Amino acid sequence: MRSIFFKLLLSFSLTILLSGVISGLVTFSFSRRSVESFRHDFLRQLQTNIARSVVLMGQAAYVMHQYRGDKVFEEYIKEVQSSMRTQLYLCIDGTVLPTDTSADRNIANLAASAGTDAQPAIQDTGRELIVVQRLFTPEGPSYVVVGLHSLKPPPGWGGGMPPPPDGPRFGNGGPPPPNNLGPRFPPHPDQPGFFLFRNGPELQTLVLLLIAGIVCFKLARSFSTPLDRLRTISRQIAAGNLSARVGTSLGRPGNEIGDLARDFDNMAERMEGLVNGQKRLLRDISHELRSPLTRLNIALELARKRFQAEDDGNLRRINKESERLNDLIGQLLALTRSEGYTIDEKAPPVLLADLVLEIAEDVDFETRNTGRGVKIFELEALKVAGSRELLRQAIENIVRNGAYYTRPDSRVEVSLFSRGSDTTGPRTAVIRVRDHGPGVPEEKLSHIMEPFFRVAEARDRNSGGTGLGLAIAYQAVNQHGGSLVFTNAPDRDGLIVEISLPLLEEPPKSGNASV
């Protein structure tokens, strides 16, 4: 059952099965209630019809007793008992007819309890249906009709159902209390079955849906947990942690998700090898190029002295390109060093305020004659852990980049402040650098940290840039556990760069400085 195919098959099967069971049970519950309601209505109508028949037979017996004599009356009573299985009695002026010493007292009590209602009083004892009705003659006197209709099946009945169990007949037992007389109907019998069906379909449906929900939740969880693990590892790799692996926790061989995890790890391992190989190649090439480049510069100086060609344009061009190549190799080496840097916990903390102030003064001094400069708006005393050299290179690259693209007669605005609190999460040091240049197109903001990426609207290859400054800054900040965010100014006047670094300790009070 490790295969996702069988899990899906099981989930669909269980869903269909539970749906069928729920539908069947709910249908059965409603149909049972319908049958019971029909049975109840049928019995009530049957009892009403029997009661009317008994009252009509009682009226006929009264007429026969008054006008045909006792003999005809008694024959009629016997005929009714034999053909209709009903014992019929009349109570006239307190006298019970026909006389039956075993039942006279009980019949008299029943007759005494008869009211003046237009509808007969009905009582079902399980063996007999007792009907009591007070009738009035046209002359005014009243009499009471009492009928005991037998509910036992007649002799020789072949309906296939057993007769009701024998019990004491009404005449042999004590009469029911007078206040029990009235229209009484049989209650719903308790039938064997699932106990929930005695509480209505709402509770049944709720419980069954709850069970189905739990099963579906467990199955869905078994599918989603491995996928969440894969997503987490893929995000770690996308963030630069190429050593992240899923591992063997998602299943054994034969499980599709487990096989996917192993293939994913193989892909990540292969990708890590390729990236590391590329970094090594870049580092080795940079180191190897340094030696011939150094020899080229020496040969260039010797040629100038030998031929006394200090003003030769070709040699100046060769020297210029050699310097550019040397800068490029230096930046490549700096990029590879920043990618492999790890924070030394024993190293002294980096005082960001001093570092930012030093960089701002240097860049401002270098760009002041071009009408540009650097201005510090806020400078808070903050400390972070890491390499002062790498952080200096990262911050300086960003500030110099802003000073290069800001328009003349404008200043690059630099601020250093803290963000966050103990209640909202870890506090961070934020270095915000804003220039007043052309900015960067929105669709290219996410690419300007890539090595050798150039924004055509902002610069071209004749500007002298190598396209590695922001890549070096990004790698250095990332290795220090921070983040680098580029956004265009709201008024489209320049680019805003925010460097976020985790703070080393609670900072003291802030102060302001300006250059």
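The values are calculated or read from the model by the stated rules, or taken from the named source; none is laboratory data. All figures in this text were calculated on a predicted structure; none of them were measured in a lab. Neighbour counts are summed over all protein chains in view; Cβ atoms, including those assigned to glycine, are modelled from backbone coordinates with ideal geometry. Just the protein is used for accessible areas: all its heavy atoms, side chains included, with ligands, DNA and RNA removed. Shrake-Rupley method; radii C 1.70, N 1.55, O 1.52, S 1.80 Å.
Near K152, which lysines are there with a Cα under 26 Å away, not counting those fewer than 8 places off in the same chain? Correct list for K152: K78.
Evaluating kT/(6 pi eta Rh) at 4 °C and 1.567 mPa s, with the Kirkwood radius of segment 15-67 over Cα pairs in the Stokes-Einstein relation, gives 89 µm² s⁻¹.
In this simple spin-label model, placing a label point 7 Å from the Cα along the Cα-to-Cβ direction at both T95 and A112 gives a separation of 1.9 nm. Note that segment 478-485 has calculated 3J(HN,Hα) couplings of 5, 5, 8, x, x, 9, 10, 10 Hz, one per residue in order, obtained from phi through the Karplus relation 6.51 cos²θ - 1.76 cosθ + 1.60 (θ = phi - 60°); glycine and proline are x.
What is the magnitude of the charge dipole of segment 400-449 about its Cα centre, with +1 placed on the Cβ of each Lys and Arg, -1 on the Cβ of each Asp and Glu, and no other charges, expressed in debye to the nearest 20? Roughly 140 debye for segment 400-449. Of the residues Y404, Y474, ranked by 1.4 Å probe accessible area with the largest first, the sequence reads Y404, Y474. For K7, the lysines whose Cα comes closer than 27 Å to its Cα, not counting residues fewer than 8 places off in the same chain, are K218.
Per-residue accessible area (protein heavy atoms, 1.4 Å probe) orders T86, T248 as T248, T86, starting from the largest.
Peptides 299-305, 407-413 ranked from most to least packed give 407-413, 299-305, packing being the mean of other C-beta atoms within 10 angstrom over each peptide's residues.
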